[in-house]
Structure formats: structure tokens, C-alpha cells
């Protein structure tokens, strides 16, 4: 408890009644968003832009009780800065986030016209602002409670459960984004699978080429300059340009060797996507493989060779384990980047969640855009969080 | 390589010729202004194509529009990002640092194309959502780098400045920011390069940029258009990256000298 108290006074100087200025600012932004923007918009069909739904309609018949956790968050900035209160704020925040989601779904069900299925109820600005602020308030509370990164990620996963329950219960089914999902259930599932497949297919050549190149760069420092210069230039080229530049050569290659098309290679589609993604992925993998090996202390290697280990034994049982956290940090950057770039690859016909996004943008169907964007962001955040978790566990074990 | 090139014993012309930046810049100019002259080449490469050259807009106007979008959004990112970085490293703003770090770390896991796509439902089609999405996304690396740069300033340097009678503002402007400059410039470089790429994709949401020939070419199966847009925007990104590298080098040398 001692270091916890010390860090508390260090980070949060308690003056007078106001004890958490960060939470106060967040709460004020949420209030401004709640009063200034609409929580939901409703339109008779998908082509007409929606009108704001009044709070009085959303909170009718005692539903205003759902806002009680929000009131509790308002008191948060004035509470004593002790661990119990921080945990309480995080729990209340999670409940509030889920209740707001339920409120939105509930209002959509009540607005739905049984005679017409074309009515659309979409999230408004206030919904996004308050949900985002609540997430930040939870993150702030978990940080102030003094939990390590691994514990914070674990708790965050548990705190998402209430929202997932609302989603699974079907309460949100009348929301526009869920209607878009309902009409494209198969396409959506296939897009998620394709997206993950492309990322996975990229990792194979990336690791097969990148790890040996990284070890080579570590062993031959003179190679590092030119190698990183080339990889950096590739990283600089805009994704849409690199995808585009690969179309003509690949199409030419297939035209010259028609047998290649039997392996699914063509100018557009998955093949140029995986090649371009691999080229982008090389920099973080090579750099972090090399950097990870470099930061292994010379004294440890001396000690190992003093114990009679051969160079290859040292490499396997000393250098690789010690370089692993840095390597995994590179892998995290690589996969998060690949998840995002795969969405752009939809423009060259690779499919995936980007196809849904660009289809939505093309037809001005904004909830269709969201149907692609929300899982895309979720995928990136999940990959990021799980690899961070692994890295912090590895570091904890090493320490 | 560059250190050898910059050594005073070499003739100036030779070191200039070894420098990639002027060559890349010349290539960019040649591509932007000379693309129409390459029409026969594209007609030869793509014999089936009725229109082998993108002629709806001049490449020069597309390049200017692209640079305008990136320039304005990056300026907003730099002003707000540096200000935020300074704020959270001052005693008054220190309490907000974990929050800002959470936003920066989480925000950077969001794909730029996702930020661009959600800006459209909120702000409509055209250059406005692209500008705001680019500025918002570009903020993150700048803020991160400003915090890292200011944190890396040795305590001894601040103490010395205090001893010399500098006030808070004098210390920030004349000691801390100059010492942090190389790291901040590196963050701005990352931000600008990401924005150049995202601005190209912004053509899908109605912004006129160098991505437009690529998008039109992709939807109309005209690979020549795709190639023309991709060559110019790729070279542009490399030129700007090299220019930032040069700027970072100057600042590091100036800092040392």
C-alpha cells in the first residue's frame, strides 16, 4: 500500500473539495456532449438523414433511472482518492456504458414501426461522446487505483461483458447498425474471416523473411544503415499507392505465366494485398528483432559463455528469451498496422471489413460504414491489448 | 553514408550528387509535369485502354490540393499536439498526463482509414471530414513525441537554466523545446507521412487529392490511371520524408554545435 499512497499524492494533489480534476474535465465534456448533441437520430428510411430523438422520449416511463450511474460519476471528482473509490468509479462507469447502450436499443425498439421495416434509428454524437468519455473515466480510475498494465487489461475485458450481454440479449436489434448486420449476416461473417485470413497470411512471409533479416542486421551492423533505409522508404509509400503499384506487374506476370493464376495469383485481390502488407510489415519486425538482440546485456552473454555454453546454446537459451519482449512489441505494431491496412486492401478487391466500409461510403449508408468500422477498431484494439498483456507478463516473469 | 558525403574533404558537387533528396525532388517534378509526355508509353503498356492518361485534372492541381490538405491538417496537429505535450509536462497539467497517454496509445491502434470513415457520418462528404480526420489522427504522434522529447531533457539542463535566472517560459522556449526539438520533429515526420497516405484514401470520401486517379482507375479497371497516381503520391511521400530527415539532421547538428 505504501507506494500506492505515494503515487497518489504525486499524481493527484488533493486541494479542497475537488480531488480529481481529470474526472471533472471528462464529466464536463460528457455533459456538454449530452446537452449539445443528439443521443439518437430517427429516419423513416435509410436515404433520409435522421432527426434527433428527444431525451424525454428516450427516458420516458422511469427509464431516467438508467442515468443514475452517470450522476454517481458526477460526484466522482470530489471523492477521496483511495483505491476503493477508484474501483467503484470503474464499476459504475462500466454499468453506465452498458445502460446507455441498452437505452439506445430500447428507444429504437419503441420507435420501430411494425408495419415498416425501413425505419432507421442511429446513434447520435452524444452517444459516442458519452461512451468514449466513460471509457476514458474507467481507464483513468484503473490507473489511479495503481493496477499494473496486465491487471488493467484483464479488468477492462471483464468490464466489456455488460455491453456484450446487451448485444447478445437482442435489446439492440432495432438499432440501424444491427439491422444492417441482420440483412448481411453472411457477408459480414465472411468479411471478418477474410480480414483475419489476410492478416494471418501476411504474417507467414513476414516472419520467414523478417526474423532472419533482423538477426543478420544484428550480426552485421554495417548492413543496418542501408537495410533500414530501404525498409523505411517502403513504409513511407502510401498504402493505396503500393497496392496500386503492384497491380500492373502482377497482372503482367500472370499474363506471361498463366499457370500462376491457378494458384490464385492475379493483379487484384488477395495476392497483391499480401505482398504489399508483407513489405510494410518487414520494418517493425526486422527493427525489433535486431533491437531486441542488441539490448541483451553483454555481461549476461559473458556469464553464459563462462558457464561453458556454446554460441548456439547462448543464442537459444539466453539471447532469444531476453530479446522476446522487444520482438513481441514489434509483432504488435506489425499486426495492428496490418489489420488497418487490410481494410485499405479492399480497394483492390481483397475483401475483408474494408469492403463493407467502402460499400457503405459509396452508397452513403452510414450505418453500413459503422458495421465495418466498429469491428475493425475492435479487432485492432483486441490484438493490441492481448499482445501487450503477453509482453507485460513476460517482462514480469523476467524481472 | 550521409556522414561521408557531408565531410568537408569531398568536393561539394560530388556530395550533392550522392544526396538522394535533390534527385527524388527532380523525379517528383518530372512526374508531375512530364506525365502527359509519357502518354505514348502508357498507351504502349496498356494497349487495350482507350484513355491511357488521366486527364480530368492536371497532376499539378491534384498535387497542390493534396499538399494543401496535408499542410493544413498537419499544422493543426502540430499546434494542438505540441501545446498538449507542453501542458501535460508542466506542473499544472501533470495530472492529465496518464489520460493523454491513454488517448494517444489507444488512438494509434485505430486504423487511419477507420477514423476517416467515421468522420464522414458525422461531418458529411468532401474535404471537411478528411481535414478533421487527418488533423485528429496526426495529433497523436505529435503529442507523443512532444511528451517524450520534453521528458528526455536532462534535469541538469533545467537546473542550469534556473540558475541563470530563466523563468518558466524562458526555460521552456530557450532550453527545453530546443533540446526536445529532434524528437518532436521525428513525431511531426511520422504524423505528416501518415497524413499523406490517408489523404490519398480520402479521395474515396470526396476529397480531391492524388488518390483520385487511383480510385477512379481502380473502379474503372484502368491500371494506367492507378499507376500514374501511385507513382506521384509515392514519390511525394518519399521526398517529404527525406526533407524531414534533412531537417532533423540540421537541428541535431545545430543543437550540438
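Computed from the coordinates by the stated procedures, all read-outs in this text should not be read as laboratory data. This structure is a prediction, so every number in the text was calculated from the model and none was measured. As a convention, Cβ positions derive from the backbone with ideal geometry for all residues, glycine included, and neighbour counts pool all protein chains shown.
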Self-check item: Fewest-first ranking of B:246, A:83, using other Cβ atoms within 10 Å as the exposure measure
Solution: B:246, A:83
Quiz item: Once you wrap a convex hull around the alpha carbon atoms of segment B:2-256, what is its projected area averaged over all directions, in nm²?
Solution: 17.4
Exercise. Could you work out the relative contact order of segment A:73-210, using alpha carbon pairs under 8 angstrom and six or more residues apart, expressed as a whole percent?
Key: 35
Quiz prompt | Percentage of interatomic Cα-Cα distances in segment A:16-129 larger than 20 Å | solution = 48
Exercise. Using only Cα atoms, figure out Rg for segment A:185-398 and give it as a multiple of 2.2 N^0.38 Å.
Key: 1.19
Quiz prompt | Cα long-axis angle, helix B:223-256 against chain B (0 to 90 degrees, to the nearest 10) | solution = 20
Quiz item: Using alpha-carbon pairs under 8 Å, 6+ residues apart, how would you state the relative contact order of chain A in percent?
Solution: 16
Exercise. Please find the FRET efficiency linking residue B:68 to residue A:109, where r is the Cβ-Cβ separation and R0 is fixed at 30 Å, and quote it to the nearest 0.05.
Key: 0.05
Practice problem: Report, in whole Å, the centroid distance computed from the Cα atoms of segment A:286-336 and segment A:93-170. | Solution: 42
Quiz prompt | Square roots of five times the Cα gyration tensor eigenvalues for the protein assembly as shown, Å | solution = 40, 36, 26
Exercise. Between residue A:117 and residue A:25, take the C-beta separation as r, use R0 = 45 Å, and let me know the FRET efficiency to the nearest 0.05.
Key: 0.60
Quiz item: By counting other Cβ atoms within 10 Å of each Cβ, how are A:319, B:151 ranked from fewest to most?
Solution: B:151, A:319
Quiz prompt | Shielding of B:211-224 by partner chains, average beta-carbon count, 10 Å | solution = 3
Self-check item: Alpha-carbon centroids, segment A:188-207 and segment A:27-58: separation in whole Å
Solution: 37
Quiz item: Given the Cα-Cα distance of residue B:90 and residue B:219 and 0.36 nm per residue of separation, how much length would full extension add, in nm?
Solution: 41.4 nm
Quiz prompt | Cα Rg, Dmax (largest Cα-Cα span) when computed across segment B:115-257, Å | solution = 20.1, 68
Quiz item: In a GNM of chain A with a 10 Å cut-off on Cα contacts, which of A:103, A:341, A:361 has the highest mean-square fluctuation?
Solution: A:361
Exercise. Report the extension gain between residue A:71 and residue A:259 in nm, rounded to one decimal, defined as 0.36 nm multiplied by the number of residues separating them, less their alpha carbon distance.
Key: 61.0 nm
Quiz item: When you count, for each residue, the other Cβ atoms within 10 Å and take the mean per peptide, how do B:83-95, A:87-99, A:61-73 rank with the highest first?
Solution: A:87-99, B:83-95, A:61-73
Exercise. Please find, in a Gaussian network model of chain B (springs between Cα atoms separated by less than 10 Å), the residue of B:140, B:64, B:236 whose mean-square fluctuation is greatest.
Key: B:64
Self-check item: On Cα atoms only, tilt of B:112-123 relative to the major axis of chain B in degrees
Solution: 80
Quiz prompt | Nitroxide proxy distance, nm - points 7 Å out along Cα→Cβ at residue A:88 and residue A:363 | solution = 5.0
Practice problem: Could you state the angle between the C-alpha long axis of helix B:97-109 and the longest principal axis of the C-alpha atoms of chain B, as a value from 0 to 90 degrees rounded to the nearest 10? | Solution: 20
Quiz item: Other chains' Cβ within 10 Å of B:226-234 residues: what's the mean?
Solution: 6
Practice problem: Within 10 Å of each residue's Cβ, count the other Cβ atoms and sort A:17, B:137 from fewest upward. | Solution: A:17, B:137
